[in-house]
Amino acid sequence: MRFSKTCKTLDDTKKLAQAFAQTVTEGCFVSLYGEIGAGKTAFVKLAADALEVKEKVTSPSFVILNEYHSGKIPVYHFDLYRLENEGVSTILDELREYSEGQQLTFVEWAEFSQDEIPFDHLKINVTYSDDDARIYEFEGVGEKSKKIVERLKNLLTE
């Protein structure tokens, strides 16, 4: 199941993140793809805000993982950029653990995982369009994530 949404403004992205937060109340593992500055961290911040996370949400580029426990569900935010391909293999078991249970786990720079994320997850690819808008492409990998994408699509097309 795939679905894409174009966001021309930050307010559009906020609405998308709020709809996304409504669909993942039981947790989800999210692999984020996109160039530097595409809007991956912005989306995570807005989704965390929609889940009522009280802490300041920041990019985990230098610490690899940020944890937020004050919202409706725990939110974990990984950034694989500094690990690159070789370092990612050292945390694959840990990533698998963060895919289980009622929590929302975001992994930025998932392209460095070398497709070693075999479990149920949601892929979000963020790209620029010609008019500087952002295109968010959602793809469910596994039954749970496919249902999340379907619910998100239905919520945004009602």
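Every number here is computed from the coordinates shown, using simple stated rules; none is lab data. Bear in mind the structure is a predicted one, so any value in this text is a computation, not a measurement. Cβ sites come from the backbone with ideal geometry, for glycine too, and all protein chains shown count toward neighbours.
Numbers below:
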read-out	value
Estimated distance in nm for a label pair at Thr25 and Glu52, the labels positioned 7 Å out from Cα along Cα-to-Cβ	1.1
Residue-wise HN-Hα coupling along region 144-157, computed from phi with Karplus coefficients 6.51, -1.76, 1.60 (Hz; x: Gly, Pro)	4, 5, 5, 5, 5, 4, 5, 5, 4, 4, 5, 5, 7, 10
Cα→Cβ-extended label distance, 7 Å offset, between Lys146 and Thr90, nm	3.7
Relative contact order (%) - criterion: Cα under 8 Å, at least six apart; region: region 1-84	23
Surrounding net charge for Ser129, when Lys and Arg each add one and Asp and Glu each subtract one, Cβ distance under 15 Å	-3
Region 123-155-region 35-58 distance, computed between alpha-carbon centres (Å)	16
Listed residues Gly140, Gly34, Gly101, most fluctuating in the chain (Gaussian network, C-alpha, under 10 Å)	Gly101
Normalised contact order of the chain, rounded percent, pairs of Cα under 8 Å and 6 or more residues apart	33
Order of Arg2, Arg151 - criterion: other Cβ atoms within 10 Å of each residue's Cβ, fewest first	Arg2, Arg151
Gaussian network model of the chain, Cα within-10 Å springs - most flexible of Asp93, Asp130, Asp49	Asp130
Theoretical ellipticity at 222 nm over the chain - DSSP helices of four or more residues, -39500 (n - 2.57) apiece, nearest 500	-9500 deg cm²/dmol
